[in-house]
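Peer 1: Got a structure here, written out as structure tokens. Questions coming.
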2 protein chains.
Amino acid sequence: MKHLRPHFRLLMSSAAMALAVSAQAVPAQEKPADHGDDASAAYQPSMTTLGELNVEIPGRKPGDPVMTPDEYQNANTIYFERCAGCHGVLRKGATGKALTTDITREGGFDYLRDFITYGSPAGMPNWGTSGDMTEEEVDMMARYLLLDPAAPPEFGMPEMRASWKVMVPPEERPTEKMNDIAIDNLFSVTLRDAGQVALIDGASYEIKAVIDTGYAVHISRISASGRYLFVIGRDARVTMIDMFMDPPAPVAEIKVGTEARSVETSKFEGWEDKYAIAGSYWPPQYVIMDGNTLEPLKIKSTRGMIYDEQIFHPEPRVASILASHYKPEFIVNVKETGMILMVDYSDINNLAVTEIEAERFLHDGGLDSTGRYFLVAANARGKVAVVDTKEGKLAALLETGGQTPHPGRGANFVHPTYGPVWATSHLGDETVALIGTDPEGHPDQAWTVVQTLYSMGGGSLFVKTHPESEHLYVDAPLNPDAEISGSVAVFKIADMTEEEPEFVELPIVEWAGIAEGQPRVVQGEFNQEGNEIWFSVWNGADKESAIVVVDDKTLEMKHVIKDPRLITPTGKFNVFNTRSDVY
Amino acid sequence: MKHLRPHFRLLMSSAAMALAVSAQAVPAQEKPADHGDDASAAYQPSMTTLGELNVEIPGRKPGDPVMTPDEYQNANTIYFERCAGCHGVLRKGATGKALTTDITREGGFDYLRDFITYGSPAGMPNWGTSGDMTEEEVDMMARYLLLDPAAPPEFGMPEMRASWKVMVPPEERPTEKMNDIAIDNLFSVTLRDAGQVALIDGASYEIKAVIDTGYAVHISRISASGRYLFVIGRDARVTMIDMFMDPPAPVAEIKVGTEARSVETSKFEGWEDKYAIAGSYWPPQYVIMDGNTLEPLKIKSTRGMIYDEQIFHPEPRVASILASHYKPEFIVNVKETGMILMVDYSDINNLAVTEIEAERFLHDGGLDSTGRYFLVAANARGKVAVVDTKEGKLAALLETGGQTPHPGRGANFVHPTYGPVWATSHLGDETVALIGTDPEGHPDQAWTVVQTLYSMGGGSLFVKTHPESEHLYVDAPLNPDAEISGSVAVFKIADMTEEEPEFVELPIVEWAGIAEGQPRVVQGEFNQEGNEIWFSVWNGADKESAIVVVDDKTLEMKHVIKDPRLITPTGKFNVFNTRSDVY
């Protein structure tokens, strides 16, 4: 079954690549059934604002079209679902360009309409010609962008408490595990468009539970003890699942904002399971919650100065959060200001936060193999920042040499020549950067790119390996070439003594036996033992998806998980590997 | 000369008192000649905003008057000078009520016009009938308040750097003291409406220099070495004066925002003179600067959650700042959120800030006699928060029992019955609260009001004593009774064994021999030796003012400093006592 393809480099056109990148942030599948209500409610402009719209638009050019209150509300919802991920709620720009009215009015209505319709080589999707928006919708969005953005409402303690539900209070929960599931080998699998997670047994491949969650769960995190699973949807809904129940089921839930990406739980010795934390895109803030009930305890805004220019940014979004193993700290990565926050949770009424100046557009990252260093991508800057979590300081800031690094949590292994390294692939090209992480044993290589691998092509989201594995896996789900996006590249670590090691390409979609649609293969995740790696075969919401299990030793297909409930599977989080930061 | 008046309690009507309090924040004298340019430039609305004004005002009731762009700009300037101090730039309210448009439009134009004209018993000055505003101005302000507030522009690093001037670079400064002034006994005296400070010799009473500064210098602070004097105007202009030059002269200057109150300099061992810090009202932020040049290094926003409700506040103003003697930290007090920030300046690129939840409406405060505990008034809440600067935690939060405590830095002395105490008087009544500050020696009294003294009347701003003194001085400059506002009450510390000790009243204005106007006596300040206390006799800008020096032993007038240059003297800061936190 092994499908070998010679090593090659596909240098995509910048236009196609940029489109693929944008599509990641706002995929066409993103039409949640249960999502619209929350979002539109949060974004509902006040009648004052609406009243204004039909009369005079500030700064509007003579002849510029106006819009009705209904149109404004629809446009607001579309903007949130399609545009805000890249351009920001306040349109200050990030992955996408700024769309503030000084810019949009300069261009004017016709320009905007055409831009939205046809896209651009710089990365704007062709929303019109792709069929994702009707001609009327494009027209409406162009008019919408001529108006000043309506800042969505704040979401503070009153709103959080109103949304907070404890379905099963701690005293009513089981005192011991009531099911016969080997929890540490469970996989929590995001069913993206279904707004659910599936809990799949790592040994039997059996779906043990399908649990309603927020929309498009971004990540799953496991409490230090392994008992509680926390998931967060893009709609900022956090769900806490008790793995001791039979079957595992949600025990608490909260909404922490209107858009969010990150959740984590305290892991430092003596603080296990004590706190959870969630970071929001809107409002720009994070909240520390009781780890047993999700009761919101402490909200902290991230609004502040951009690290280098020291200009105030009104919307610095929380990109990713990781719990330190060295201190009672959460590591909170703030995208627009480029600040890495070391949030000391040992005394939340006297909250100590160390704000490390790193680099703008922080995205995601992970720990090195020792757990001491945290590596995080500043994706739009092509860099990786390294934080020494023991010292609470920036250890290094380096260029990956590739375009738009996207490590997920990255991959740690021992390179045959350079010793311990951490790897990231790239959204923008086919390279994989291997970065030395051993300042004591390999000081010359520490925090430098020791080797660049060339994988199948651009559009990669995740790399993966495991301490027991001899391989490095690289996906490319956003590559426009269906053969590439349907496959996974595998490098043999032992071969990395060569300057440009070859890779093997596994035809995952072919193995899944899915003919309909153009599914993307995304995010390898090892089982607890480290002898199998699972890949999601992510198809359209109305089409068959699957998870393909690969034998790490033979690189052969071992099993295909298919089930009508497996709708748009994307991220998968093995309980043991996630809670122990094994990646 | 001793003028004795029997102990009495003047319980002012709430209306009169509130008026006096408001008058303090926005005194009638406040018509700076050199101030308008800066303020109006900062507040100039964009043409977009102006364009909007003549057409349709959002939420405007039919028939509500509109305003021209010129009027809008004038109103903005008046609002900044007269109203923002109490109501906040964004009109969220603090000492004054909130004036957001949901409230002002509810009332409507006529209501607002009358309110501004006649004032209210709750503390609103009668701007119209007092003659401070013309009928046209009142009309304009009422219309202005029906419009949404125009948030002033941000003031980040580019603006600060553009404003930053080094008149004498460090390498061109003298290497030793070039004058024959006994610097440690100099007084830096705010000449409020002149936008200057006078440096007055503590022995000869001679004015050694008059230096142009920002408008209405709020405080003077001395670097740990005693060489540099830092002053900050309400217009957020910081001036750094080299005391080694002959005469002492400004060597650097910067504007840190559009409205500010606080400046301080690093005092921890090993960090003397290294950094300066200034806190702003607008934008709500603080900036750490090079202590040698005022070069702005690190700006930090204070926008965030109110400590108790955890609702986002867009304008949490920095009220006061103090340098810790126990750690390399600045103690930054944020008014609207009620947070006390311990800002660790030992690594400003990895800035660690501990945010202590205290109480809303933090204002000013000072250290206890040991320097370990910082006591700060939450004035509108009638409370004092106590921070243990060694542990970085809130030690206590207590009610003073009085209305609107206003301690300045407070006064430390050893009470004959209760041991070490710290005192604060009150804006809102005649009481002086004595708070125990010795948790080890007097644990039962620590952080409780051990005794309440009854002084001349409400409207007090400052209390004062000195380790060498046996007296506690209490002013009442905002009392509407000219005899009270022109006098100072003196309590003998030894008499405090009595339940309600008597006080002696010193007729300072009478001693000054000023007949014209109704000068207020404000802010006692001891000389270095601690045997004299100086009081400002603060008259109108066009009238004679003075400083009266009182012999602390005899309580007799020792000297009156008069000079045509002494225009509106208010705060006085003895170099030694200020840099050593002796108060």
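Peer 1: With only Lys, Arg, Asp and Glu charged, each at its Cβ (+1 for the first two, -1 for the last two), find how big the charge dipole of chain B is about the Cα centre; round to the nearest 20 debye.
Peer 2: 540 debye
Peer 1: Before I look further, what does chain B give for accessible area per residue, probe 1.4 Å, in whole square angstrom?
Peer 2: 34 Å²
Peer 1: Note the distances from B:His559 to each other copy's matching label point, with points 7 Å along the Cα-to-beta-carbon direction, in nm, sorted shortest first.
Peer 2: Inter-copy label distances (nm, one decimal, shortest first): 9.3.
Peer 1: Here's something else I'd like to know. From the Cα gyration tensor of the range A:185-224, with a ≥ b ≥ c the square roots of its eigenvalues, which class applies: rounded if a/c is under 1.5, or else prolate if a/b is larger than b/c, or else oblate?
Peer 2: The shape class here is oblate.
Peer 1: Where a ≥ b ≥ c are the square roots of the eigenvalues of the C-alpha gyration tensor, would you call the range A:473-583 rounded, which needs a/c under 1.5, or, failing that, prolate if a/b is larger than b/c, or oblate?
Peer 2: It comes out oblate by the Cα gyration axes.
Peer 1: Evaluate E = 1/(1 + (r/R0)^6) for B:Lys92 and A:Lys553, where r is the Cβ-Cβ distance and R0 equals 41 Å; express this FRET efficiency to the nearest 0.05.
Peer 2: 0.05
Peer 1: Sort A:143-152, A:437-446 by the packing proxy (mean of other Cβ within 10 Å over each peptide's residues), most packed first.
Peer 2: Top of the packing list down: A:143-152, A:437-446.
Peer 1: What does the extension gain come out to for B:Lys393 and B:Glu470, with contour length at 0.36 nm per residue minus their alpha carbon separation?
Peer 2: Stretched fully, the B:Lys393-B:Glu470 segment lengthens by 24.5 nm.
Peer 1: Right, another one. Answer with one residue from B:Leu453, B:Val334, B:Pro407: the one whose Cα lies farthest towards the positive end of the charge dipole of chain B, charges on Cβ with Lys, Arg +1 and Asp, Glu -1.
Peer 2: B:Val334
Peer 1: Additional query: Under the rule of -39500 (n - 2.57) per DSSP H run of 4 or more residues, summed and divided by the residues of the protein assembly as shown, what mean residue ellipticity at 222 nm is obtained, to the nearest 500 deg cm²/dmol?
Peer 2: Estimated from H runs of four or more residues: -4000 deg cm²/dmol.
Peer 1: Calculate what fraction, in whole %, of the accessible area of the protein assembly as shown sits on carbon and sulfur atoms when a 1.4 Å probe is rolled over the protein chains.
Peer 2: Roughly 49 percent of what the probe reaches on the protein assembly as shown is carbon or sulfur.
Peer 1: Continuing with the same structure: Across the residues of A:300-312, average count of Cβ atoms on other protein chains within 10 Å?
Peer 2: 6
Peer 1: Two-decimal Rg/Rh of the protein assembly as shown from alpha-carbon positions, Kirkwood Rh?
Peer 2: 1.02
Peer 1: Using a simple charge model, +1 on the beta-carbon of Lys and Arg, -1 on the beta-carbon of Asp and Glu, nothing else, what dipole does the protein assembly as shown show about its Cα centre, in debye to the nearest 20?
Peer 2: 160 debye
Peer 1: Further question: Report the one residue of A:Pro250, A:Gly233, A:Asn349 whose Cα lies farthest in the direction of the positive end of the charge dipole of the range A:231-376 (charges on C-beta: Lys and Arg +1, Asp and Glu -1; origin at the Cα centre).
Peer 2: Positive-end residue among those listed: A:Gly233.
Peer 1: Then there's this: Taking both sides together, what accessible area is buried at the B/A interface, probe 1.4 Å, expressed in Å² and rounded to the nearest 100?
Peer 2: 2900 Å²
Peer 1: Looking at this model, which pairs from A:Lys267/B:Lys300; A:Lys335/B:Lys255; B:Lys267/B:Lys393; B:Lys208/B:Lys464; B:Lys492/B:Lys553; A:Lys274/A:Lys298 are more than 18 angstrom apart at the alpha-carbon?
Peer 2: The answer is A:Lys267/B:Lys300; A:Lys335/B:Lys255; B:Lys267/B:Lys393; B:Lys208/B:Lys464.
Peer 1: Sticking with this one: Projected onto the charge dipole of the protein assembly as shown (+1 at Lys/Arg Cβ, -1 at Asp/Glu Cβ, origin at the Cα centre), which of A:Tyr373, A:Leu199, B:Ser545 gives the Cα projection farthest towards the positive end?
Peer 2: B:Ser545
Peer 1: Continuing with the same structure: For the pair A:Glu529 and B:Glu483, how long in nm is the line joining their label points, each one 7 Å along Cα→Cβ?
Peer 2: Output for this residue pair reads 9.7 nm.
Peer 1: Packing-wise, with mean Cβ within 10 Å as the measure, how do B:67-77, A:339-349, B:284-294 rank, highest first?
Peer 2: B:284-294, A:339-349, B:67-77
Peer 1: Can I ask one more? For peptide A:153-161, compute the average count of partner chain beta-carbon atoms within 10 Å of each residue's beta-carbon.
Peer 2: 3
Peer 1: So, one more: What FRET efficiency comes out for B:Asp102 versus A:Asp180 if R0 is 56 angstrom and r is the Cβ-Cβ distance? Round to the nearest 0.05.
Peer 2: 0.45
Peer 1: Counting only other chains, what is the mean number of Cβ atoms within 10 angstrom of the Cβ of each residue in peptide B:341-353?
Peer 2: That works out to 4 on average.
Peer 1: So which lysines can B:Lys543 reach, going by Cα to Cα under 16 Å and dropping same-chain residues fewer than 8 places off?
Peer 2: In chain and number order, the partners are B:Lys31, B:Lys562.
Peer 1: Compute the Cα gyration tensor for chain B, then decide on rounded, prolate or oblate, letting a ≥ b ≥ c be the square roots of its eigenvalues: rounded whenever a/c is under 1.5, prolate when a/b is larger than b/c in the other cases, and oblate in all that remain.
Peer 2: Here chain B falls in the rounded category.
The values are calculated or read from the model by the stated rules, or taken from the named source; none is laboratory data. Here the structure is a predicted model, which is why all the values come from computation and not from measurement. Heads up, the Cβs are rebuilt from the backbone with ideal geometry, glycines too, and the neighbour counts pull from every protein chain shown. Please note that ligands, DNA and RNA were not included when accessible areas were found on the heavy atoms of the full protein model with its side chains. Shrake-Rupley method; radii C 1.70, N 1.55, O 1.52, S 1.80 Å.
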